[in-house]
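*Asks:* This is the structure I have questions about; it appears just below.
The values are calculated or read from the model by the stated rules, or taken from the named source; none is laboratory data. These numbers were taken from a predicted model, which means no experiment stands behind them. Here the Cβ positions follow ideal geometry from the backbone for every residue, glycine too, while neighbour counts run over all protein chains shown. All accessible areas refer to the heavy atoms of the entire protein, side chains included, with ligands and DNA or RNA removed. Shrake-Rupley method; radii C 1.70, N 1.55, O 1.52, S 1.80 Å.
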Amino acid sequence: MRIGYTLMTEQAGPNDLVRYAAGAEQAGFDFEVMSDHYSPWLAEQGHAPYAWSVLGAVTQVTERAELMTYVTCPTMRYHPAVVAQKAATVQALSGGRFTLGLGAGENLNEHVVGRGWPGANVRHEMLAEAVQIIGGLFDGGYFDYDGKHFRVDSAKLWDLPETRVPIGVAVSGSQSIRRFAPVADLMIAVEPKKELSQEWDATRLGPPTRKVGQLPVSWGTDSGAAVRRAHEQFRWFAGGWKVNAELPGPAGFAGATQFVREEDVAGSIPCGPDVEPIAEAVREFAEAGFTDVALVQIGGDQQEGFLDFAEKELLPALRG
């Protein structure tokens, strides 16, 4: 299993993220994923730099690690034709190490352009059109599109990378798998559910593809402090994605999670100094058929210690 590191834009500023990216490659992580947010989930996280500027810088301080958005919504803040241009540019800058991870988005980030927040079925329709547009532009040449949600007029990517950008799509159930498994290069999901992997492969009717998960952890030598930090900054995670996609801002997430207790968070997120709870959580993804998992170390000021721990203890244990 490939182990990755999450550059979480909601909890660190741009300069720190670039520094952590270099450190994660040095520590031995196989790949690095980056969130693409306009707002943090909770005010306590405190950050939301523009992911694509940071990615450009990250390509210049890393040499080996694969890079990926986890995930970009190509439907409201960004027109899909512009996402294709950004992805092609990052692929060229990285020397072919980039994967474009896409998703249907969250109200938290997309409402800022003032277009309202459509229902889930409409969001999936929009994402499906966006995948068609991005793929068409990756094919090269001039591209036109006239769909229900998007139009493209004689667009062309003038700097196509030598290696075509793979496209991953975030899924959560049968509806999204049926729509996107046939057109995506890899699966993205945050829950270690075997049924997702199995249905994805069955729907594709081809060889198995990469399946990339994500696991939050709150490593720290003081277990109590690690639990408190996870509760302060990651209690939003308890809401589940059907809720998380709908709330409009950090105040909404604070209100929705006001009754989440520290022990509730500690029960779902590995907290403290030990390797084994993290390894057990990673095993759940492996047993569910995932090929990759990206770890999220909670706390923007906790990354250096975590990277040292990962290099010396965690990654050797996971690979052993």
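*Asks:* Of all the C-alpha pairs in the chain, what % are more than 38 Å from each other?
*Replies:* 9
*Asks:* PRE reach from residue 232 (point 7 Å along Cα→Cβ): which of the range 1-25 fall under 17 Å by backbone N?
*Replies:* Only 10-13 fall inside the zone, counting backbone N under 17 Å.
*Asks:* Once you keep just the Cα pairs under 8 angstrom separated by 6 or more residues, what percentage relative contact order results for the range 90-157?
*Replies:* 20
*Asks:* What longest range of the chain stays clear of loop-exposed chymotrypsin sites (Phe, Trp or Tyr not before Pro) (DSSP non-H/G/I/E/B, at most 13 other C-beta within 10 angstrom)?
*Replies:* Segment 159-258 is the longest.
*Asks:* Write down the accessible area per residue of the chain in Å², having rolled a 1.4 Å probe over the full set of protein chains.
*Replies:* 42
*Asks:* Rounded, prolate or oblate, given the Cα gyration tensor of the range 32-145, with a/c below 1.5 counting as rounded?
*Replies:* oblate
*Asks:* Test of the criteria: in the range 7-106, which GluC sites (Glu not before Pro) are in a DSSP loop and have at most 13 other Cβ atoms within 10 angstrom of their Cβ?
*Replies:* Counting only loop positions with at most 13 other Cβ atoms within 10 Å, the GluC sites (Glu not before Pro) in the range 7-106 are 63.
*Asks:* To continue, here is another question. Pop out the ³J(HN,Hα) list for the range 200-213 in order, Karplus 6.51 cos²θ - 1.76 cosθ + 1.60 with θ = phi - 60°, rounded to Hz; leave Gly and Pro as x.
*Replies:* Here the 3J(HN,Hα) series is 4, 5, 5, 6, 6, 6, x, x, x, 10, 5, 9, 10, x Hz.
*Asks:* State, to one decimal in nm, how far the label point of residue 154 lies from the label point of residue 113, with both points 7 Å from Cα in the Cβ direction.
*Replies:* 2.3
*Asks:* While we're on this one: Quick one: longest stretch of the chain between exposed loop trypsin sites (Lys or Arg not before Pro), exposed meaning at most 12 other C-beta atoms within 10 Å and loop per DSSP?
*Replies:* Looking at the chain, 157-260 is the longest stretch - no exposed trypsin sites (Lys or Arg not before Pro) with at most 12 other Cβ atoms within 10 Å.
*Asks:* Using 0.36 nm times the number of residues separating residue 301 and residue 19, minus their current alpha carbon distance, what extension gain do you get?
*Replies:* 100.3 nm
*Asks:* Let me ask another. Note down the relative contact order for the chain as a percent, whole number, built from C-alpha pairs under 8 angstrom at least six residues apart.
*Replies:* 21
*Asks:* Can you show me the helix-derived [θ] at 222 nm for the chain, built from DSSP H runs with n ≥ 4 at -39,500 (n - 2.57) apiece and divided by the number of residues, rounded to the nearest 500.
*Replies:* Helix-only estimate at 222 nm: -12000 deg cm²/dmol.
*Asks:* Using a simple spin-label model with points 7 Å from Cα along the Cα→Cβ vector, what separation in nm is obtained for residue 222 and residue 174?
*Replies:* The modelled label-to-label distance comes out at 4.9 nm.
*Asks:* Determine the sum of side-chain charges near residue 314: Lys and Arg each +1, Asp and Glu each -1, restricted to other residues whose C-beta is under 11 angstrom from that of residue 314.
*Replies:* Around residue 314, the charge tally is -3.
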